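Below is one structure; the comments refer to it alone.
Just so you know, all these numbers are worked out from the coordinates, no wet-lab data involved. As the structure is a prediction and not an experimental result, all values here were calculated from the model. In this analysis, Cβ positions are derived from the backbone assuming ideal geometry, glycine residues included, and neighbour counts consider all displayed protein chains.
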Ligand code: ADP
Ligand code: ZN
Ligand code: ZN
């Protein structure tokens, strides 16, 4: 797909239902006819104001060049801002004398491809967010600062094209440089680097004498050849069926749910489909929940395909981000892997979109410009006319419902590929067994047994910190957050009270501020479990993985290294442990507190609980060791738990969907949140 209004590209593949598309997408002609000069440009600027801004065209701009999607520099108050042209018009509400002229048209082509541009416009509209801010979220920071769209490379050539008549006093370096320049149209950094020595100095001299001129070009694309993927395993029959179904849909919009248990080989299915996409000369966009936490995921792609990979995530420098974004846009990177915001990355030749772990909450941007990357990816695939593959062992109920009702095509991988079968799962009734520091006796005994047999043990608790509340036994005071309605969580190691809701912090008080009684931390967080383990199993090395211990990619890699090297025997962690890592030597998983999810206030809490249990259980016993899973609960008869244990995730989900239908919750209704902020209540209301 050509960038919006790219005049150089006359033929554009017609996307489906082009009738219903907004005007901007129809201005894709390369007519050379005189274009009337638009009077008004409507520009989106990165401001919280929900409107476009009107400008007169820049005085020197070619009217034929003033097309939607391109960047403009405009005066804004006393500042200069970079905005995106959205549309042109004949009239403005702004009175003529007040109407200012845009300063410069930065681009001669739109940064986003036509569909990506449409996705951003749709998202701004659908999620009620100012378009300028939505576009700012979609464009790399350096482009918002005015950097050129395309990469530039400096090269040098003889001025005038002919070598100067051989002057007398040239050294060997200079002679070599001169003959190199004379023997080809131009030289670049590579040749300079190879020549070494004083060649740069010689070049400087030639430039000063005017023999040589410098110029900039877009770097040549890597030589496109046949991509031969490295060999993969022989597919299982279920994988074959899935790959064949998706392959057959290439070139048309078809949504698939790849519903496969953990370890069933979903990634292998993506890899095979991507091989077909590459063979068609197209690109694959792969969305993943969190790259920094799952470096192995990217390695599997690079190990299979010897092609440039554009990997986009939040840990990049601005320069790296722009470089990779350019590789995606130019098509030089046939595979683009990114976190949620990659759903807006422009693609030259889109062929498929894959959303791995589609149920993952991180696909929702929860602050600022809020959006669901999964939903937008479907919209985008539909507009491109390409298949979209949503993969998960624990599909979101909305997705599952779409597959069950036939809107998406369901592909199932019910079996694990390795020798290990599904783990044995049992409940530990917390009403019958005393739990010291949050770990009940049967769990302690099981941990002992598995450690004794040489296995590793994983304890899952979705609460970081030491304790979720600090309570006064004297008067009932319970450390309320000073900034919001929630309670503080106790973090003993850092001696802070931290609100996990709004981020507010306070020192840990020594005694109750109301009655001076000694305070008690109530409940368990991962930090407390770590302490308890030291008491139960002195000397056994424990590694804790949560947002307090692991903040960077380096830290997660170091922690995983301790686990994979067998150095750590017990892992304690939050949600983070459920994401994509494999722990082949883990033979026991203990879910410390299932009740959090059974009685959450969010209508999705039970769904999230079931997903966490299944995902964390799926991390265990992946190689050839059978796994065991224990779930601690005070409600072992809860229908959600019993159904999950007896029938598996899909059976649980079917039951949960029936409940949703009965209660008219999504996906059987729509919910919207309206937020209003004001200093006084009446104004907000
Ligand atoms: P998922 O993404 O469903 O969790 P993976 O794709 O990670 O599963 O596969 C789990 C393991 O099985 C990986 O080590 C993978 O290399 C291996 N695997 C995948 N498909 C096959 C197959 N057809 N035959 C043998 N091993 C396979
Ligand atoms: Zn008190
Ligand atoms: Zn708070």
Taking Cα atoms, the helix 553-564 axis meets the longest principal axis of the chain at an angle in degrees (rounded to 10) of 50 degrees
Taking 490-503, 90-103 and ranking on average Cβ neighbours within 10 Å, highest first, one gets 490-503, 90-103
Over segment 561-685, what is the mean sequence separation of C-alpha contacts under 8 Å (at least six apart), divided by residue count, expressed as relative contact order in percent? 23 percent
Highest mean packing first, using Cβ neighbours within 10 angstrom, the peptides 389-400, 562-573, 337-348 sort as 389-400, 337-348, 562-573
Sorted peptide list for 196-202, 253-259, criterion being average Cβ within 10 angstrom, highest first: 253-259, 196-202
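Looking only at the chain, where both bridge partners belong to it, what percent of the DSSP beta bridges are antiparallel (to the nearest 5)?
On the way: 41 of 92 bridges.
Antiparallel bridges make up about 45 percent of those DSSP assigns within the chain.
Below 8 Å, C-alpha to C-alpha, sequence gap of six or more: please give me the relative contact order for the chain in percent. Provide the component values of the computation, followed by the final result.
Numbers: 1266 pairs, mean separation 74.3, N = 685.
Reported as a whole number, the value is 11 percent.
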Folded to 0 to 90 degrees: helix 373-384 orientation relative to the chain principal axis, Cα: 40 degrees
Calculate the length of the line joining the C-alpha centroid of segment 169-242 to that of segment 284-314, in whole Å. 27 Å
For segment 476-505 and segment 539-563, compute the distance between their C-alpha centroids and round to whole Å. 24 Å
Cα centroid of segment 352-409 to Cα centroid of segment 625-673, whole Å: 20 Å
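Based on other C-beta atoms within 10 Å, arrange 447, 355, 106 from fewest to most. Show your work: numbers first, answer last.
On the way: 447 23, 355 28, 106 20.
In order of increasing Cβ crowding within 10 Å: 106, 447, 355.
Once Rh is set to the Kirkwood radius over Cα pairs, what Stokes-Einstein translational diffusion coefficient, in µm²/s, holds for the chain at a temperature of 20 °C and a viscosity of 1.002 mPa s?
Values: Rh = 28.9 Å.
In µm²/s, the coefficient is 74.
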